[in-house]
Amino acid sequence: MSDNEKLEQLMAIHTEQLFRIAYYYTKDLQIAEDIVQDVFIKFYHQKHYEERGEMKAYLARMTINKCKDYLKSWAYRKITLQHKFFTKQKSTLQDTLIRQDEQALLDDAILSLPLKQREAIVYFYLEEMTIKEIAELLAIPEGTVKSRLKKGKELLKGELQHIEWEVLFHG
C-alpha cells in the first residue's frame, strides 16, 4: 500500500472525528476544515510516527494543538475583533425558535461553554472517550477531567433549561 493510499485510508477513518474536535474548539466551519487538512498534511510529511494502535489519539492531539495555536494567533484575534465591531449581536430568541432543531440547540449550548469544560464534554459525550483517555489526551489528572465534566454539565443544564423555558412560554 502506497503512502497516498495509507493517507486516504486514514482520512476516511478519522476526518469526521477530527473535524468535530476542530469545530468545537474554533466555532468556525471553514477554520475547522483548514485545521483538519493541515493536520493530515503535517502527518503525511512526518516520517517518525510509529503505529502503536494510538492513531486516533495521536491525530486528535495534533488537531487540538493546531486549534490551540490558531486560537492564540493574530488571525483569530483579528477576526474576533472584526466580529465584535462589524456583525450583529448574537442570534435572537426568534431565530432560535425558528430553527427548532434540538441538535442545533445542543451545539449552541456546548459552544457557549468555556473551552476547558467544552473539551471535556465533547470528548466524554460526543467522542465517547473514558475519563482516563481524556486525562491522557489533555495531559491533566483524572480528577481535573471529572471536575471539568461536572462544571460543564452544570453550565449546560442551566443553558438548556433556559432555552426550554423560552420555547414553552413563547412557542
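Please give the FRET efficiency for D38 paired with Q161, using the beta carbon to beta carbon distance and R0 = 30 Å, rounded to the nearest 0.05.
Values: r = 38 Å, r/R0 = 1.27.
Calculated transfer efficiency: 0.20.
How far apart, in nm, are two points set 7 Å out from the Cα along the Cα-to-Cβ line at K6 and at K116?
Taking the simple label geometry, K6 and K116 are separated by 3.9 nm.
Between K153 and L106, what is the label-to-label distance in nm when each label sits 7 Å out along the Cα-to-Cβ direction?
1.5 nm
Computed from the coordinates by the stated procedures, all read-outs in this text should not be read as laboratory data. These figures come from a predicted structure and were not determined experimentally. Please note: Cβ atoms are built from the backbone with ideal geometry, for glycine as well, and neighbour counts cover all protein chains shown.
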